[in-house]
Amino acid sequence: MKFSQEDPTDALLVKSYDDHAIIVQSSVSSEPTRLTTPFILRADILDLETQLNAIADLTVDDINYFKSNDVEVVILGQPNITRLPPQRLVQFASQAIGLEQMPIGAACRTYNLLVAEGRRVALVINF
């Protein structure tokens, strides 16, 4: 799916996605970035280096990564949703971090919406 609305900010946004890739672009950059491996995207940075544990096995260190980056909402986008155990959801909540899991397309659209609202959101895609 391709998005057509232009955003006036310099935030990194998802411009399009399909089952195998996501295209990320900033309004200040003319070259889009095509991503086909797991990544973490925030409005100000594309993190290809940080490797989170498997979604079902997120640890306190993974939660601390988001806390240290001042993230208030984490969106986990997956082709096949693997539900987190309830105790992990409680750990995110105890750090005042919201956590949502959804299919990749919905995750991309939700991320763009929250960035447009000025929220401190992280999109985590696990192909």
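Tabulated values for the structure
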item: Gained length - residue 33 relative to residue 57, 0.36 nm times residue gap less alpha-carbon distance; result: 5.8 nm
item: DSSP H segments from the chain that extend 15 Å or more along their own axis, Cα-based, with Kyte-Doolittle mean of -0.5 or above; result: 104-116
item: Förster radius 25 Å - calculated FRET efficiency between residue 90 and residue 20 (Cβ-Cβ, nearest 0.05); result: 0.15
item: The range 43-73 versus the range 81-127: alpha-carbon centroid distance in Å; result: 11
item: At most 12 other Cβ within 10 Å, DSSP loop - GluC sites (Glu not before Pro), the range 15-107; result: 49
item: The chain, relative contact order [Cα under 8 Å, separation at least 6], %; result: 27
item: Cα pair distances of the range 38-125 binned at 10 Å [whole percent]; result: 17, 57, 25, 0
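Every number in this text was worked out from the coordinates using simple rules, so none of it is lab data. All values derive from a computational prediction rather than experimental measurement. For neighbour counting, all protein chains shown are included, and Cβ atoms are generated from backbone atoms with ideal geometry for every residue, glycine included.
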